[in-house]
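Everything on this sheet refers to the single structure shown next.
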Amino acid sequence: VLILAIESSCDETAAAVVRNGREVLSNVISSQIALHTLYGGVVPEIASRKHIEKINQVVEAALAEADVTLADIDAIGVTYGPGLVGALLVGVAAAKAIAYAAGKPLIGVHHIEGHIAANFIEHKELEPPFFSLVVSGGHTHLVRVKDYGQFDIIGRTRDDAAGEAFDKVARAIGLGYPGGPKIDKVAKEGNPEAISFPRAHVEDAPYDFSFSGVKSAVLNYINGCQMKGEVYSQADVAASFQKAVTDVLVANAMHAVEEYQVDKLAIAGGVASNSALREAMKTACEAKGVEFYYPSPIYCTDNAAMIGVAAYYEYLSGTRHGWDLNAVPNLKLGER
Ligand code: ATP
Ligand code: MG
Ligand code: FE
């Protein structure tokens, strides 16, 4: 089964061809990062316009790179939420037009289901049930993956997402956008124990997260330094902040591992490429005898290959969408 997948929920215009949900024949990503860097973050209106310019090129490139034509494709998968409505609409409209014109079934995919499914690409042996920690720009979810396409969210952030906190702190310490990869890099030169930032635990909700406190603590710290006329170490702030965030992510995940007797944990989303998180989670999982999985960085941040993987399993379970498929900016995981 060959799936042509399209992703345009935020600031990457992407298309991919995936065979049988596990083999990526092409994975084309046109990133708008350079464009949005000028404004310090994603500008929705600019994102939509750029998607319109790029979408056809990216789809054609994905087919060409996979060395297939539309006639070879069995279904079209597309992210229809969550994300920026104007950005999502471009991908959804393109997918509908292609599916209609070529007479192929249309399968709308949840973006976070895609992030989780990214783990299936390089770990051929990984199958549900397992646990997933989704850490992206807009989500921080601890998810029980009961079966393909079947999820229980057992914990979530009460305020900022992990990636959002990385981006905000990076901006505050002058690293710019996108902040996650920059903090990851600078933190390698810093001391994670230099500054003690808070590790928030949500009362009576051991699997929930809160990152606004640590973000404020960083802002207070650098303001304090500036008022005293002291120069702070960017590397120490980055390393200490990163440690505070990863400590909580690991602690909550390990709590779930014990409570739910989990034997497999897969991380997903942009922050899953963070080197400190991978290292800490790997060590913690090894200590508990839990199998630990993570995708390569290219499959952690937004891409269409992961959407093609998720669409394949939706295809197998019979999910089909009509020509009235619409973008759903706040789509819930597990909704059809
Ligand atoms: P969502 O998937 O929740 O809709 P999104 O698609 O914008 O949000 P992703 O593309 O999954 O998010 O991930 C982008 C986020 O990942 C950004 O916040 C970015 O800073 C963060 N990120 C990327 N690489 C790293 C890294 N090495 N360390 C920490 N954070 C990172
Ligand atoms: Mg992005
Ligand atoms: Fe994403």
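Every residue, every condition in (1) part of a loop (DSSP other than H, G, I, E, B); (2) crowded, with 23+ Cβ neighbours inside 10 Å; (3) at pLDDT below 95, yes or no:
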residue	(1), (2), (3)
ALA87	no, yes, no
ALA94	no, no, no
GLY108	no, yes, no
LEU126	yes, no, no
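Hey, can you tell me all the residues within segment 294-319 that are surrounded by 20 or more Cβ atoms within 10 Å (Cβ to Cβ), more than 13 Å from ligand 3 (Cβ to nearest atom) and within 11 Å of ASN119 (Cα to Cα)?
Correct list: TYR294, VAL309.
Could you list all residues from segment 273-322 that are within 16 Å of ligand 2 (Cβ to nearest atom) and either more than 21 Å from ILE183 (Cβ to Cβ) or in contact with a strand residue (DSSP E or B) (Cβ under 6 Å, 6 or more places away or on another chain) (or both)?
Hits for segment 273-322 are ASP302, ASN303, ALA304, ALA305, MET306, ILE307.
Return the residue satisfying two criteria in turn: it lies in segment 14-34 and is free of Cβ contacts under 8 Å to residues at least 60 places away in the same chain and within 16 Å of ligand 1 (Cβ to nearest atom), and of such residues it is nearest to GLY103 (Cα to Cα).
Among those that are free of Cβ contacts under 8 Å to residues at least 60 places away in the same chain and within 16 Å of ligand 1 (Cβ to nearest atom), it is SER30.
Say we look at segment 12-25 and pick out the residues that are farther than 17 Å from PHE120 by Cβ and out of contact with any Lys or Arg (no Cβ under 8 Å at 6 or more places or on another chain); which of these is nearest to ligand 3 (Cβ to nearest atom)?
At the first step, the residues of segment 12-25 found to be farther than 17 Å from PHE120 by Cβ are 12-15.
Subset that is out of contact with any Lys or Arg (no Cβ under 8 Å at 6 or more places or on another chain): 12, 14-15.
Details: GLU12: 9, ALA14: 11, ALA15: 16 Å.
The residue in question is GLU12.
State the number of residues belonging to segment 67-84 that are over 21 Å from CYS10 (Cβ atoms), of a type in the set (A, V, I, L, M) and in contact (Cβ under 8 Å) with a residue 60 or more places away in the chain.
4
I want to confirm something. Restricting to segment 296-332 and keeping residues that are hydrophobic (A, V, I, L, M, F, W, C) and away from ligand 1 (no atom under 16 Å from the Cβ), which single residue is nearest to HIS51 (Cα to Cα)?
Result: LEU325.
Which of the residues spanning segment 85-128 are under 24 Å from VAL250 (Cβ atoms), away from ligand 1 (no atom under 16 Å from the Cβ) and touching a residue at least 40 places away in the same chain (Cβ under 8 Å)?
PHE120, GLU122, HIS123, LEU126
Regarding segment 156-170, can at least one residue be identified that is over 21 Å from GLY83 (Cα atoms), outside any helix (DSSP H, G or I) and of a type outside the set (Asp, Glu)?
Within segment 156-170, not a single residue is over 21 Å from GLY83 (Cα atoms), outside any helix (DSSP H, G or I) and of a type outside the set (Asp, Glu).
Do the conditions hold for ALA71, that is, is it over 15 Å from ALA327 (Cβ atoms), surrounded by 22 or more Cβ atoms within 10 Å (Cβ to Cβ) and of a type outside the set (Lys, Arg)?
No; evaluated as a whole, the condition is false for this residue.
Taking segment 219-275, which residues are among the aliphatic types (A, V, I, L, M), more than 16 Å from ligand 3 (Cβ to nearest atom) and in contact (Cβ under 8 Å) with a residue 60 or more places away in the chain? Outline the logic, then answer.
Here is the first cut: in segment 219-275, the ones among the aliphatic types (A, V, I, L, M) are 219, 222, 227, 231, 235, 237-239, 244-245, 248-251, 253-254, 256-257, 262, 265-268, 271-272.
Now restrict to residues that are more than 16 Å from ligand 3 (Cβ to nearest atom): 219, 222, 227, 231, 235, 237-239, 244-245, 248-251, 253-254, 256-257, 262, 265.
Scanning segment 219-275 gives VAL237, ALA238, VAL245, LEU249, ALA253, ALA256, VAL257, VAL262, LEU265.
The values are calculated or read from the model by the stated rules, or taken from the named source; none is laboratory data. The structure presented is a predicted model; accordingly, all values stated were derived computationally and were not measured. Positions of Cβ are generated from backbone atoms using ideal geometry, with glycine treated the same way; all protein chains shown enter the neighbour counts.
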